[in-house]
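First up is the structure itself, then whatever we jot down about it.
Each value in this text was obtained by applying a stated rule to the coordinates, not by laboratory testing. The structure presented is a predicted model; accordingly, all values stated were derived computationally and were not measured. Positions of Cβ are backbone-derived with ideal geometry, glycine not excepted, and every protein chain shown enters the neighbour counts.
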Amino acid sequence: MTDESRGIEAAGPPWSVDLLADLHAGVLDETAAEQLWPRVQADPEARAIIEALEATTADLANLGSAPAPPMPADVAARIDAALAEEAMHVAPVVSLDAARRRRNRRIGWISGVVAVAAAAVAAVAIVVPSSQDTTGSPVAIAPPSSRQSGSSPGLAIRSDQPQAAVGKLSSGVKDYGPLDNAQGLSTCLQAAGFAPTADPIGVQQGTIDGQPAVLVLLTTGHLAEFRLVALSPQCGPKPLLDKVVGK
């Protein structure tokens, strides 16, 4: 019997991966999340699934900035030979160096697209396996982005449950809100004592204990461990929240 059919109150071992994925993604309502997080943190099996989800979403968020793998030398040599022959027979004559640069741009772009697509398919297959035992509608639907809807920020976080923000922010969303852009965020982080090299996984407007904030998720250098920072929209000298999540 799945956790969905038993109800949130009875959720527990054996855990539903779909339910834990919804909890990690932040799509459950606040009441359900408050009931589930303490049980998940106390259960080694549930924690292992949550850590795997966090590691996968962090890898996907960083994949877009990863350099494309180098082209094999034999393939590059054959392409160079073909370009050289083309340059000798096609008018106007094209510079071989210019043709090589054009080739490198095309290969890098294609490699990057293929890598991102393959990783995304693998992550979906691993993190959310198909299940024939679960039916019905999702427990809740994530609120729309505040930039799209024009309404107040919808990511409400409590300081005693910072892990609820990881699923949303680790998806790679970058909504800088009143800080305008990446440079504005970097300036605010440095004003709060962070290094200029701090590179956020995700940024989103929201609230912390009901107080408006810009929520930022940073890596810590450790697997499945993140640093959640809540900054004042006015960019004060001290964060509203600074906690390590996932230890």
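Observations on the structure shown:
- Summing +1 for each Lys or Arg and -1 for each Asp or Glu among the other residues whose beta-carbon sits under 13 angstrom from that of residue 202 gives 0.
- In sequence order, the range 229-243 has phi-based couplings of 10, 10, 9, 5, x, 8, 6, x, x, 9, x, 6, 7, 8, 9 Hz under the Karplus curve 6.51 cos²θ - 1.76 cosθ + 1.60, θ = phi - 60°, and Gly or Pro positions carry x.
- Each residue of the range 215-224 was assigned a 3J(HN,Hα) from its phi angle through the Karplus expression (A = 6.51, B = -1.76, C = 1.60, θ = phi - 60°), giving 8, 10, 10, 10, 7, 10, x, 10, 4, 6 Hz with x at Gly and Pro.
- Cα coordinate range in the range 175-239, projected on the principal axes (Å, largest first): 31, 24, 20
- Added length on full extension, which subtracts the Cα-Cα distance from 0.36 nm per residue, residue 225 to residue 29: 68.2 nm
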